[in-house]
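> Pasting a structure below so you can have a look.
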Amino acid sequence: MSENADPEGARRPSIKDVAQRAGVSFQTASKVLRGGGTVAPATRERIHAMAEDVGYVPNDVARSLVTRRTRTIGVAVGDLSDYIVAQFVAGAEHEARLQRHSVLIVSVDTSTDGGERSLRTLLERRVDGIFVAAPRLEVDARLGALLRGPVPVVSIHAVTGGGVRLVGSDQQETARLATAHLLDLGHTRIGMVTGHLSRRVTRSRTRGYEAALKDAGVTPVGSMVVEGDWQPGGGYLATTALLNRHPDLTALYVQNDLMAVGALHAASDRGLRVPADLAVIGCDDIPTAEHTVPTLSTIHMPFAETGARAVRMLLEEVTGPENDREPQRVLLPVSLVCRQSCGCQESATGPSASTRSGPEGLR
């Protein structure tokens, strides 16, 4: 396929046209338009001006036949309507754009075949690599096997069977940091609302909560932990059930901010003052956390940064030697965001951005 071939048969301006108008050789124009070449600044400027003047657009399909790269990254995600998933994708897309790559996004959670067809679509499109943000990969062996192929893959979730590089934050540390903060404030009757117990992130955060209590000499009590569903309604119901069991609770760690919003609602309906009667800490630091009443203390998770870091890892693997493609885990730091709901800023009149950094840790 020639550089100026058009899928509909019409002739498009080519590098030869640009070279002729700029008064340079085809080779010089080609190198400059690909971001290389050693030429005088005035010549480089003239070549780009002529390219714009004639309407030259690089033919990436033809180029990929030569370079064996499409400069396209596949992004396989779960629920794109989820704010957190969207932040991962936004960070990944922004980084890909900075590195002059396109992004092709598919869902692996909503298709009738469980996502297998979506992954095969990415492979058939010859993407240079795949970034994955889909919890289903934790339990789906078929999808895990598909990802352990010739195309580099970076995931934010563990993949069944392993063999895939990971990037994220230490979920156990997020819970330990939140629970330790409540202990530092003098609480010992600390309950927890979890996400779905089938999820790895839930189990990791539960271990962090229990570890912090044990480190402080407090014995974890199973009945002080209730499962939620990651949504505000589930947080409301779980908190209500928890307070019915243990009306003497003085603090609550909630495994995500959406459920924490429900927890604040449940406390209010019960006539409890937050934080005077019940201190509350969430996790994720979504924008809503700054606008609850009282404002929600939480653990900041670097979602967009995680997506960007994953793309950088992916492109390093794409351009590196094949024998360097060893599974790796990259861990980004989390931090405690102190607002009003935990009690350390009861006198604050507006949203706070006070933070305490946590150690590096994997989502």
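> Which residues, taken from the stretch 26-39, are of a type outside the set (V, I, T) and open to solvent by 50 Å² or more (accessible area, probe 1.4 Å)?
Hits for the stretch 26-39 are F26, Q27, K31, R34, G35.
> Given the conditions (1) surrounded by fewer than 24 Cβ atoms within 10 Å (Cβ to Cβ); (2) outside any strand (DSSP E or B); (3) modelled with pLDDT of 95 or more, and given that P327 satisfies all but one, which numbered condition is not satisfied?
Going through the list (1) surrounded by fewer than 24 Cβ atoms within 10 Å (Cβ to Cβ); (2) outside any strand (DSSP E or B); (3) modelled with pLDDT of 95 or more, P327 breaks only (3).
> Evaluate the following for A86: is it within 38 Å of the chain's Cα centre (by Cα), within 28 Å of V127 (Cβ to Cβ) and modelled with pLDDT of 90 or more?
Yes; evaluated as a whole, the condition is true for this residue.
> While we're on this one: Let me spell it out: the conditions are (1) at pLDDT 90 or above; (2) open to solvent by less than 50 Å² (accessible area, probe 1.4 Å); (3) of a type in the set (D, E), and E93 meets all of them except one. Which number is the exception?
Here E93 meets the rest and fails (2).
> Cβ-Cβ under 6 Å, sequence separation 6+ or interchain: first residue in the stretch 182-193 and polar (S, T, N, Q), partner open to solvent by less than 70 Å² (accessible area, probe 1.4 Å) and at pLDDT 95 or above. Which pairs?
The qualifying pairs are T188/V218.
> Let me ask something else. From the list R142, R125, which residue is surrounded by fewer than 21 Cβ atoms within 10 Å (Cβ to Cβ) and farther than 23 Å from L197 by Cα?
After ruling out the rest, the residue left standing is R125.
> Of all residues in the stretch 96-117, count the ones that are at pLDDT 85 or above and open to solvent by 40 Å² or more (accessible area, probe 1.4 Å).
8
> Go through the residues of the stretch 281-300 one by one and say whether even a single one is at pLDDT 75 or above, open to solvent by 10 Å² or more (accessible area, probe 1.4 Å) and farther than 30 Å from T250 by Cβ.
No; the residues of the stretch 281-300 include none that is at pLDDT 75 or above, open to solvent by 10 Å² or more (accessible area, probe 1.4 Å) and farther than 30 Å from T250 by Cβ.
> I've got another one for you. Quick one: count up the residues across the stretch 154-163 that are within 19 Å of V85 (Cα to Cα) and open to solvent by 10 Å² or more (accessible area, probe 1.4 Å).
So the answer is 3.
> Okay, moving on. Scan T67, T72, T43 and give me the residue that is closer than 24 Å to L123 by Cα, open to solvent by 20 Å² or more (accessible area, probe 1.4 Å) and at pLDDT 85 or above.
From the options T67, T72, T43, the qualifying one is T72.
> May I pose another question? Return only the number of the condition from (1) modelled with pLDDT of 80 or more; (2) part of a helix (DSSP H, G or I); (3) surrounded by 14 or more Cβ atoms within 10 Å (Cβ to Cβ) that R120 does not satisfy.
(3)
The values are calculated or read from the model by the stated rules, or taken from the named source; none is laboratory data. Bear in mind the structure is a predicted one, so any value in this text is a computation, not a measurement. Cβ coordinates were reconstructed from backbone atoms using ideal geometry, including for glycine residues, and neighbour counts include every protein chain displayed. Note: accessible area is taken over every heavy atom of the protein model, side chains too, but ligands, DNA and RNA are not part of it. Shrake-Rupley method; radii C 1.70, N 1.55, O 1.52, S 1.80 Å.
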